[in-house]
Amino acid sequence: MPKKLIIDGTEIEVEDGLTLIQACEQAGAEVPRFCYHERLSIAGNCRMCLVEVVGMPKPQASCALGVNDLPPNKDGSPKVIFTKSPMVKKAREGVMEFLLINHPLDCPICDQGGECDLQDQAMAFGIGASRYTENKRAIEEKNLGPLIKTMMTRCIQCTRCVRFMTEVAGVEELGAIGRGEDMEITTYLEKGMMSELSANVVDICPVGALTHRPWAFSARPWEMDKTESIDVMDALGSNIVVHTRGREVMRVLPRNNDAVNEEWISDKTRHVADGLRTQRLDQPYIRVGGKLKPATWDEALALIGSKLKAADPKKIGAIVGDLAGAEEMFALKELFTRLGSPNIDCRQDGAKLDPTEGRASYIFNSTIAGIDQADAIMLIGTNPRLEAPVLNARIRKRWRQGGLLVGVIGEKADLGYEYNYLGTGADALAKFVGHAPANKERPMFILGAGTLARPDGAAVLATAVKAAQSLGCIKDSWNGFNILQTAASRVAGLDLGLVPAAGGRGVAEMLSGGMELVYLLGADEFDTSILGRTFVVYQGSHGDNGAHIADVVLPGSAYTEKSATYVNTEGRAQMTMKAAFAPGVAKEDWSILRALSTHAGQTLPYDNLTALRAAMYKVAPQLARLGSVASADAADLGKLAGLPGTMTQAPFVNTVRDFYLTNPIARASTIMGELSALAANLKPTTRAAAE
């Protein structure tokens, strides 16, 4: 039942189970803290959050004291708490003085300067001098990996980093050794941590002990403009803030969204920014005599327009890559429809997903936040640690709470939590068709993209639906059938119907030959060399696989350089914002297609982004509901279960083999290249499949 408290003269009711620091926050009182973090376990070792509880002789650590643990007053009156009394002020000043005994006075050269909790709280709650004249201790720097720069002399032993790596990332390689003044935070085996989430420790470090090595001494926080945006390195749609200085993206940091990524992002999301500066396409190119030569926009578009006019509409097609926004995909489909071509496909991996089967067949139906309610999860042909590390951390969080049963069908892998291994492929999945319902309230299936990109992908999908129905994953109050997409563009592409029309060719058919022209909209994740003598147009931001074989190259914008709509794997529409300008004469992708339509004699009926979106929302109204999940009809899954098809005996293979090199931006990044090489050279005990 609610408990009444009087905090700084304000009487409030708080829920059972809250800590005193949370109750103080609800009352509007500011309580400083270093070790306490809302998403980590309570350590209670910095003592900065001391408050006065009337009736208790000493200041109390509010982070470690629950409101239920407060002794009741004899007269039954509410407990009285002060956060600004003379006792509290003196106690906090003493704690701050202790914390600064060994902290070096190097704020002017510290990368944490300007966004340092220790700086802010020393100013607000500390005193202006120290009574200690002894020499400060010095600590050797630690090897925490290529992404984390250490200055451990600054460390105040709050242990946030240790708790994050153990509890959230699932890599128990960081801890404390020594006691008292000799205590140090270090890796147990004196080697760097290799986790897809490791760099988040820099965000939660309240001092400058852990900073980002790739950004060292590059910029100050107040120098940079900050733009809220969306990540496209996977299909999770993590909320981010892009920091720019002038035309250059300096860094990417997480933005809190409890429904999607909480406040974590993957290391690839955070450190791929250097790939936005290298291997960029900054002007159009035309292949002349076997070599790409610079050209003007008019020359390049005129050449493509003439080819489109001359070609048989049945022999021209378009393939969409993994990083495309909804606006350019919509414009591309409109153009090819007007040209009379039925050949367009947003599934460059060949996934057997069809929007005519219903939206429930290709989204994460239970939503990402629904993982918190699941009591059983079946992972089928997926390694979420590599395909969506932040989502995997959410599964681990639920597993740590207890009562979660996890099963895996497919490749064995170290996921960071215990699971029951059930088999390698189709046979193991088929055993659950007709199985008795699981004794669980909210069971969940998570199908990886690799299971659907097989020749028998449609049969696997139908079998998985039947198995999910048998086990009780799909019921009136709960739809636990989920597809974990890996491409940021995939759900929006399917929502917009970017699949072959009747009689049209998909990716496999277009690549098999017989095409006169193939338009690649940032499509690079297949063997482009098999296009042979086909006339290839490549539109994208980087000189990757598609650009190497293209006859005409059109420079587009990266996700930080345009306002574009992306729909994440759960069907949540979100929008990136333009944080920087594209290099050279590169343009936003939708505007390139609009200009091309004029040269092709099929002018698209919109001249600005607002008009394009108005037309797009008529086709897919769910894209207009930014920030919210447009739920799908679970009844569509019942129809899907009735589809015919036979599965092969080939084992399920996870679609992501190298986490750090999954798209053109990542492959252009020096940092991602170094991490990829480092991960490949790890000892088997640290990266091998789980036994």
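I'd like the residue in segment 151-199 that is more than 30 Å from residue 666 (Cα to Cα) and of a type in the set (Gly, Ala, Ser) and, out of all such residues, is least open to solvent (accessible area, probe 1.4 Å). So, considering only residues that are more than 30 Å from residue 666 (Cα to Cα) and of a type in the set (Gly, Ala, Ser), the one least open to solvent (accessible area, probe 1.4 Å) is 175. The helices (runs of 4 or more DSSP H) found entirely in segment 454-547 that carry 3 or more residues being within 23 Å of the chain's Cα centre (by Cα) are 490-495. When segment 59-78 is limited to residues that are in a loop (DSSP other than H, G, I, E, B) and among the aliphatic types (A, V, I, L, M), the one that is surrounded by the most Cβ atoms within 10 Å (Cβ to Cβ) turns out to be 65. Determine, yes or no, whether residue 216 is closer than 20 Å to residue 105 by Cα, out of contact with any Leu (no Cβ under 6 Å at 6 or more places or on another chain), free of Cβ contacts under 8 Å to residues at least 60 places away in the same chain and of a type in the set (A, V, I, L, M). Considered against the rule, which asks whether it is closer than 20 Å to residue 105 by Cα, out of contact with any Leu (no Cβ under 6 Å at 6 or more places or on another chain), free of Cβ contacts under 8 Å to residues at least 60 places away in the same chain and of a type in the set (A, V, I, L, M), residue 216 comes out as no. With respect to residue 278, is the statement that it is surrounded by fewer than 24 Cβ atoms within 10 Å (Cβ to Cβ) and part of a loop (DSSP other than H, G, I, E, B) true? For residue 278, the condition - surrounded by fewer than 24 Cβ atoms within 10 Å (Cβ to Cβ) and part of a loop (DSSP other than H, G, I, E, B) - is met. Residues in segment 633-643 that are in contact with a strand residue (DSSP E or B) (Cβ under 8 Å, 6 or more places away or on another chain) and in a loop (DSSP other than H, G, I, E, B): 634 alone.
This table checks each residue for (1) surrounded by 18 or more Cβ atoms within 10 Å (Cβ to Cβ); (2) farther than 20 Å from residue 576 by Cα; (3) touching a Gly at 6+ places or on another chain (Cβ under 6 Å).
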residue: 221; (1), (2), (3): no, yes, yes
residue: 228; (1), (2), (3): no, no, no
residue: 236; (1), (2), (3): yes, no, no
residue: 240; (1), (2), (3): yes, no, no
residue: 244; (1), (2), (3): yes, no, no
residue: 252; (1), (2), (3): yes, no, no
residue: 259; (1), (2), (3): no, no, no
residue: 290; (1), (2), (3): no, yes, no
residue: 294; (1), (2), (3): no, yes, no
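If you check 317, 305 for being surrounded by fewer than 20 Cβ atoms within 10 Å (Cβ to Cβ) and outside any loop (DSSP other than H, G, I, E, B), only one passes: 305. Within segment 15-41, residues that are farther than 16 Å from residue 79 by Cβ have Cβ atoms under 6 Å from residues that are open to solvent by 10 Å² or more (accessible area, probe 1.4 Å) and among the small types (Gly, Ala, Ser) in these pairs: 35/43, counting only partners at least 6 apart in sequence or on another chain. For segment 7-58, a residue qualifies if it is hydrophobic (A, V, I, L, M, F, W, C) and loosely packed, with under 13 Cβ neighbours inside 10 Å, and exactly one does: 54. When the residues of segment 615-632 are filtered to those that are farther than 13 Å from residue 333 by Cβ and touching a Phe, Trp or Tyr at 6+ places or on another chain (Cβ under 8 Å), the one that is surrounded by the most Cβ atoms within 10 Å (Cβ to Cβ) is 623. The set of residues from segment 17-46 being in a loop (DSSP other than H, G, I, E, B) and farther than 25 Å from residue 162 by Cβ comprises 27, 28, 29, 30.
The values are calculated or read from the model by the stated rules, or taken from the named source; none is laboratory data. Note that the structure is predicted; figures quoted are calculated from it, not measured. Every residue, glycine as well, gets a Cβ built from its backbone with ideal geometry; the counts of neighbours run over all protein chains shown. Keep in mind that these areas ignore ligands, DNA and RNA; they rest on the heavy atoms of the full protein, side chains included. Shrake-Rupley method; radii C 1.70, N 1.55, O 1.52, S 1.80 Å.
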